[in-house]
1. Which whole-number percent of Cα pairs in the range 47-108 have a distance greater than 13 Å?
2. Rg/Rh for the range 1-144 to two decimals, with Rh computed the Kirkwood way over all alpha-carbon pairs.
3. Can you tally the net charge around Gly57? Count Lys and Arg as +1, Asp and Glu as -1, for every other residue whose Cβ sits under 12 Å from the Cβ of Gly57.
4. Stretch Asp9-Ala80 to full length: gain in nm at 0.36 nm per residue minus the Cα-Cα span?
5. Percent of accessible area on the chain owned by carbon and sulfur, 1.4 Å probe?
6. With +1 on each Lys and Arg Cβ and -1 on each Asp and Glu Cβ, and nothing else charged, work out how big the dipole of the chain is about its Cα centre, in Debye to the nearest 20.
7. Mind listing the long-range amide H neighbours of Tyr98? Cut-off is under 5 Å, sequence gap 5 or more, other chains count too, H placed in the peptide plane at 1.01 Å from N.
8. Before I look further, what does the chain give for accessible area per residue, probe 1.4 Å, in whole square angstrom?
Amino acid sequence: MRILLVEDDLPLSDAVCGYLRAKAFVVDAAPSLHAARAALAGARYAAVLLDLHLEDGDGLALLPSLRALPEMPAVIVLTARDQVSDRIRGLDAGADDYLVKPYDPGELLARLRAIERRRGAASDAPVLQLGPLEIDLARDLVRRDGVPVTLTAKEWALLRVMASRPDRIHTREVLQDALYGFDSETDSNTLEVFISRLRRKLGRDHIQTLRGLGYRLSWVPEGSGG
């Protein structure tokens, strides 16, 4: 789930980005309306976290740009404005949710999870079953032969992309994009390293390499071909 954080308080922006990235979200930060519009022109976001008081205008001025997108991302307004009239204004303008600063990062996480569930990011089925592998994206849970599998944030970021559309080929570019924002090391070698780690944890049969195309999450038992 890729998120755009529009926030001109840089220490707060860094803190929120760090927290969400540690929870396996991909987060881009924009300190202004201008930067936010540039980000929206170059990437597709599932959610936008929107401050209202920005250096170049009211955050709600971004909503027309969001509505013009092929698929409008969910919008959570994050602001110090705590009057009921401010909340009504934001929601009436098209925001999906509203959090007043200072807010608990755990509550923000819960609201993003709710958006993720509503948008079907975890697929239509609540739990994905691939042979001995069970993936529950809504609960951040993976079991192999009934035993829980521990994944790092980066491993989760890759698995979320592949498990949201199982049996579809995911290009290197898409998977590298899932790693973007954790650090600067997002080249093909980094991707190979994390694919290899996922294979060790999930089982080699669950991630196929399609040369020249990308990777696919599925289940092809060893010796059955494919």
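The values are calculated or read from the model by the stated rules, or taken from the named source; none is laboratory data. Model, not experiment: these values are computed from the prediction. Counting neighbours? That spans all protein chains shown, and the Cβs are built from the backbone with ideal geometry, glycine included. Protein only, heavy atoms only, side chains kept; ligands, DNA and RNA dropped before computing areas. Shrake-Rupley method; radii C 1.70, N 1.55, O 1.52, S 1.80 Å.
1. 60
2. 1.00
3. With Lys, Arg at +1 and Asp, Glu at -1, the net is -4.
4. Contour length minus Cα-Cα distance gives 24.4 nm.
5. Solvent-exposed carbon and sulfur of the chain make up 51 percent of the total.
6. Magnitude of the dipole: close to 960 debye.
7. Residues meeting the criterion, in which the H sits 1.01 Å from N, are Val77.
8. Per-residue accessible area for the chain comes out at 50 Å².
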